[in-house]
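What follows is a single structure, written as structure tokens, with notes after it.
The values are calculated or read from the model by the stated rules, or taken from the named source; none is laboratory data. All values reported here derive from a predicted model rather than from experimental measurement. Virtual Cβ from ideal backbone geometry, glycine too; neighbours counted across all protein chains shown. For accessibility, only protein heavy atoms count, side chains too; no ligands or nucleic acids. Shrake-Rupley method; radii C 1.70, N 1.55, O 1.52, S 1.80 Å.
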Amino acid sequence: EDQVTQSPEALRLQEGESSSLNCSYTVSGLRGLFWYRQDPGKGPEFLFTLYSAGEEKEKERLKATLTKKESFLHITAPKPEDSATYLCAVRSNFGNEKLTFGTGTRLTIIP
Amino acid sequence: NAGVMQNPRHLVRRRGQEARLRCSPMKGHSHVYWYRQLPEEGLKFMVYLQKENIIDESGMPKERFSAEFPKEGPSILRIQQVVRGDSAAYFCASSPAIGGTNEKLFFGSGTQLSVL
């Protein structure tokens, strides 16, 4: 069974204080690892897809990286508007199209 | 180009009633997914549908829950004889196809179901 574990559960940073969020996964053949952002009362918003170890993708202050066992979401010089819950999910090569999600990291950026 | 539309946003039902949740995918999208989110838990897959076909319902409870995506109209998630444990946020997502760069899912804003 595919599993995704995210850490920490919650993270409070000062504005401008860079950090990283972790996503550890076990999957029977990784077809894709996905990062989403979710604001309170809203649905997840797509950020990145990573397909193979060593791959990196960037968008504004966010950079996602992937190894064979985990992914990191690096946040550089965050702003208050980056406050949200960040979700990691995996899709397997075998069986079906479903995404298996972690429980997320709730990020708060303090001005 | 409107995003994934879900309605209602909030639905209150008494135990034993039926709940119907609607989802209109993004224009041009033929794949629909339903997920459930409980407080402090991750999104859990329920069902994956294409037009007029259920492709994977491995995450759907065997009783009381059903889903459809007719040729015309929105996808419907139906919960019969609701119980308090059904209270959750239900999210719908859509994608244009599977494989390659079209694999990402676009989510709606969800329906918050509260069972009294």
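Around A:LEU99, with a cut-off of 11 angstrom between Cβ atoms, what is the net charge of the other residues, counting Lys and Arg +1 and Asp and Glu -1? Spelling it out: positives minus negatives among the neighbours equals +2. Calculated accessible area for the range B:13-52 comes out at 52 Å² per residue, all protein chains present (probe 1.4 Å; ligands, DNA, RNA ignored).
On a 27 Å Cα-Cα criterion, which of the cross-link pairs A:LYS63/B:LYS104; A:LYS59/B:LYS51; A:LYS42/A:LYS98 come out too long?
From the list (A:LYS63/B:LYS104; A:LYS59/B:LYS51; A:LYS42/A:LYS98), the Cα-Cα distance tops 27 Å for A:LYS59/B:LYS51.
Heavy-atom accessible area for B:SER114, with the other protein chains in place and a 1.4 Å probe, reaches approximately 40 Å².
Given Cβ point charges of +1 (Lys, Arg) and -1 (Asp, Glu) and nothing else, what value in debye, to the nearest 20, does the dipole of the protein assembly as shown about its Cα centre take?
Numbers: 30 positive and 26 negative charges, 129 e Å.
Dipole about the Cα centre, nearest 20: 620 debye.
So, in Å, what gap is there between the alpha-carbon centers of the range A:1-62 and the range B:64-82? First find each Cα centre; the distance between them is then 31 Å. Which whole-number percent is the relative contact order of chain A (Cα, under 8 Å, 6+ apart)? Averaging sequence separation for qualifying contacts and normalising by length gives 37 percent for chain A. Contact with the other protein chains removes 50 Å² or more of accessible area, compared with the isolated chain and a 1.4 Å probe, from these residues of the range A:37-60: A:PRO44, A:PHE46.
Contact residues in the range A:84-105 by the 50 Å² criterion (accessible area, 1.4 Å probe, full protein complex versus chain alone): A:ARG91, A:GLU97, A:LYS98, A:PHE101.
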